[in-house]
Structures are given as C-alpha cells and as structure tokens.
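Remarks on the structure that follows.
The values are calculated or read from the model by the stated rules, or taken from the named source; none is laboratory data. This one's a predicted model, so the numbers in the text were calculated from it and none came from an experiment. Cβ coordinates were reconstructed from backbone atoms using ideal geometry, including for glycine residues, and neighbour counts include every protein chain displayed. Please note that ligands, DNA and RNA were not included when accessible areas were found on the heavy atoms of the full protein model with its side chains. Shrake-Rupley method; radii C 1.70, N 1.55, O 1.52, S 1.80 Å.
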Amino acid sequence: MNPVLKRLRFRRFSTVQLLIALAVLLISAPFLEELEGGHLILSALFSLVLLAAVFAVADRKRTLAIAVVLAVPAITARWINQFRPDLVHPAVFLICALLLLAFVIAHLLRFVLRAPVVTVEVLCASVAAYLMLGLMWTVAYWLVDQVTPGGAFSFNTSRGSQSMNGFTGFYFSFITLSTVGYGDITPVSQAARLLAAMEAMTGLLYVAVLIARLVSLYSAAKSDDS
C-alpha cells in the first residue's frame, strides 16, 4: 500500500475519534456543570480528549512517545487535583495540557498543509485543529486566571461562574476565537489581554489560510482530472 494512503487511512479513524470527543466535551459541558458530580464527568471527558489527541498524531513511534510523555503528567495531575487539590496546584496540569495541545495542533496542521488531496481525513483534521485551538486557549485563560493575583478577568454579569474554569472558559475562548465578543467577560490583566488578542488573530488567520489551502488542493485535483 502507498505510504501516503496508509497514513491517511490510519489518521481517518484517529481524527474522527478526536472530533467526536471534542464535540461531546464542548456540547455537554454547560449541562454537566449543573449536575451533582458533573465536574468528575467533565474531568473524564477532558482526559478522553487528551487521549484521543495522542492517538490522532500517533503515526510515528517517536511522535507517539512524545505525546504520551506529555499526556501522562497532564492527565495524572488533573485527577490528583480533582480529589486532592492540596497536593497538586491546577497550574501543573494546565501547563502540561497546554504543551500537549500545542504539540497535537502543530501535527494536525502539518498533516493538513502537506495533504496531497482534500479527503475526509483532511477535513476532520482541519475541524479538529480549530476546536483544539479553542480548547488550548481555554486552558491558557484558566491558567492565567489561577496565577494572577486579584483575577485576570472582569465578569460583567452576575450569572454563571466567576472564574475561567469549566464552561465559562470554553465560552470565552470560542467567542474570542470567532471574533464575536459579547462583552460579558473582559480581560483586564496584561497577560489575559495578550492571550485574547492572539486568539482573535489566530482565529482569523486560521480560517483564511485553511480555506486558501483547501481551495488550492481542490483546484489542483480538478485540473489533474481534466
């Protein structure tokens, strides 16, 4: 079998898994937070996303090894913090998760940009990378909120959580990534403002570059067929 086709075939299963895990996490987060014990389920779903991310880039042994090395401390620290927050500060698993998410996103984008044709695998990887970008900035906002004395964000509403963990972080991240911005959450620290500006620019550039790449691949395929 052609090595490129073999790689695409393997990635199709993995990227679909990752996309499903991301969708389940993002859609269920606001409802699970209202349930007793919902934070445990959210932690389990977050761990599932990280595991799916590892398999999504596991096309080479070296890549798999690096992803596992990054995933194990992130997942382990998350669960220790869940039950014994006095033993592990949230910043520990947040930093580990950030490194893993950045590693996975880089490999997904590399796969999309180097793909010879537009396939289901490429489309799944493109959407998964976009959602992973939102998740990565969610973790970054949570981290900044944890380590900034006095709070890095101002909440202009009395409803909902007043911290950036859980669905509040998801909400602010994807609203910023899509450059909508409702003004109910405002970054006030320098680090938070920098992250918000970078995410907004990334969201715009990602869509522009992705569309240009997919259109060029499709046009090249049509030219070859004719």
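Does Tyr130 satisfy being part of a helix (DSSP H, G or I), open to solvent by 30 Å² or more (accessible area, probe 1.4 Å) and aromatic (Phe, Trp, Tyr)?
Against the criterion (part of a helix (DSSP H, G or I), open to solvent by 30 Å² or more (accessible area, probe 1.4 Å) and aromatic (Phe, Trp, Tyr)), Tyr130 qualifies.
Restricting to region 51-68, give me the number of residues that are part of a helix (DSSP H, G or I) and in contact with a Leu (Cβ under 9 Å, 6 or more places away or on another chain).
6
Taking the options Val215, Val139, Val180, Val207, name whichever one is at pLDDT 85 or above, open to solvent by 50 Å² or more (accessible area, probe 1.4 Å), assigned to a helix (DSSP H, G or I) and among the β-branched types (Val, Ile, Thr).
Exactly one of Val215, Val139, Val180, Val207 is at pLDDT 85 or above, open to solvent by 50 Å² or more (accessible area, probe 1.4 Å), assigned to a helix (DSSP H, G or I) and among the β-branched types (Val, Ile, Thr), namely Val207.
Take Cys96 and decide whether it is of a type outside the set (A, V, I, L, M) and at pLDDT 90 or above.
So Cys96 passes the test.
To keep it simple, each residue is scored yes or no on (1) free of Cβ contacts under 8 Å to residues at least 40 places away in the same chain; (2) of a type in the set (Phe, Trp, Tyr); (3) more than 23 Å from Gly166 (Cβ to Cβ).
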site: Glu36; (1), (2), (3): yes, no, no
site: His39; (1), (2), (3): no, no, no
site: Ala44; (1), (2), (3): yes, no, no
site: Ala52; (1), (2), (3): yes, no, no
site: Phe55; (1), (2), (3): no, yes, yes
site: Lys61; (1), (2), (3): yes, no, yes
site: Ala65; (1), (2), (3): yes, no, yes
site: Leu70; (1), (2), (3): yes, no, no
site: Ala77; (1), (2), (3): yes, no, no
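Pick from region 10-56 the residues that are over 15 Å from the mean Cα position of the chain (by Cα), open to solvent by 10 Å² or more (accessible area, probe 1.4 Å) and within 20 Å of Ala67 (Cα to Cα): which of them is modelled with the highest pLDDT?
Ala44
Would you confirm, using the coordinates I've provided, whether Thr186 is open to solvent by 60 Å² or more (accessible area, probe 1.4 Å), at pLDDT 85 or above and not in a helix (DSSP H, G or I)?
Considered against the rule, which asks whether it is open to solvent by 60 Å² or more (accessible area, probe 1.4 Å), at pLDDT 85 or above and not in a helix (DSSP H, G or I), Thr186 comes out as no.
For region 57-69, which residues satisfy the criterion of being in contact with a Phe, Trp or Tyr (Cβ under 7 Å, 6 or more places away or on another chain) and surrounded by 22 or more Cβ atoms within 10 Å (Cβ to Cβ)?
Ala67
Have a look at Arg110, Arg114, Arg159 and point out the one that is among the basic types (Lys, Arg), over 19 Å from Tyr206 (Cα atoms) and open to solvent by 30 Å² or more (accessible area, probe 1.4 Å).
On the way: Arg110 fails: over 19 Å from Tyr206 (Cα atoms); Arg114 fails: over 19 Å from Tyr206 (Cα atoms).
Exactly one residue qualifies, and that residue is Arg159.
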